[in-house]
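Everything on this sheet refers to the single structure shown next.
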Amino acid sequence: MKMRRFFPVSMLLCACGLISAEAVRAGTVLYDNASLISGQGGASQALDLTTSGTLTITVTNIPWLDVVADLTSFVSTSTGVVGNKMYAAGTESINVGPGIYYANWFGDAQGTFNEGVVGVKIQFQPAGSVVPLPASLILLLSGLGLLFGWQWREAIARSSMKPIPA
């Protein structure tokens, strides 16, 4: 009988141990795409941000067809460049306020085909938007309690049934 209670209790303890005690922030992927660069070329993506936060741009040189040389990327507004320019593939994070921003990337595809591919991922992490986790803990524990209570009730019902003599 004690062994039957061991499994539910151990599951509850494991679930409580996996729950994070710190606040979790929800980020948003604004752009995640590959750009084809022909010769010397580039692309730009407009970003309309309604709140302040951290904008992270990740640029990767995808080895397909030709390699893109002199890969440069930066974030700008209508008044100028925001943050630092990146002169190679990599990641840059910039603290920004509300407004319209432009992510820019360009390079020179050199080789047999004169075509190269650049992967760009732009993420935005709003400042101060905390996802509430205590509600999810209560929901998890109540669901597990309901499940184990239902199993206990079924076990009691089965044990109280007596066979009918023939």
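Read the figures in this text as sums done on the coordinates, not as results from a lab. Since the model is a prediction, treat every value here as computed from it, not as a measurement. Cβ: placed from backbone, ideal geometry, glycine included. Neighbour counts: every protein chain shown.
In terms of other Cβ atoms within 10 Å, K85, K121 run from fewest to most in the order K85, K121. Rounded, prolate or oblate: which fits segment 26-130, taking a ≥ b ≥ c as square roots of the Cα gyration tensor eigenvalues, rounded meaning a/c under 1.5, else prolate when a/b beats b/c? Judged from the Cα gyration tensor, segment 26-130 comes out prolate (a/c at least 1.5, a/b above b/c). The slack between A157 and F113, meaning 0.36 nm per residue of separation minus the straight C-alpha distance, is 8.4 nm. Tally Lys/Arg at +1 and Asp/Glu at -1 over every other residue whose Cβ is under 13 Å from the Cβ of D66; what's the total? Result for the local shell: -3.
Under 5 Å from the amide H of A69 lie the amide H atoms of D108, A109, Q110, each residue being 5 or more positions distant or on a separate chain, with H modelled from the backbone and absent for Pro and chain starts.
Simple point charges give the picture: +1 on the Cβ of Lys and Arg, -1 on the Cβ of Asp and Glu, and for segment 26-130 a dipole about the Cα centre of about 240 debye.
Ranked by the mean number of other Cβ atoms within 10 Å per residue, highest first, peptides 87-94, 106-113, 151-158 order as 106-113, 87-94, 151-158.
Neighbours of G107, meaning other residues whose beta-carbon lies under 12 angstrom from its beta-carbon, give a summed charge of -4 when Lys and Arg score +1 and Asp and Glu score -1.
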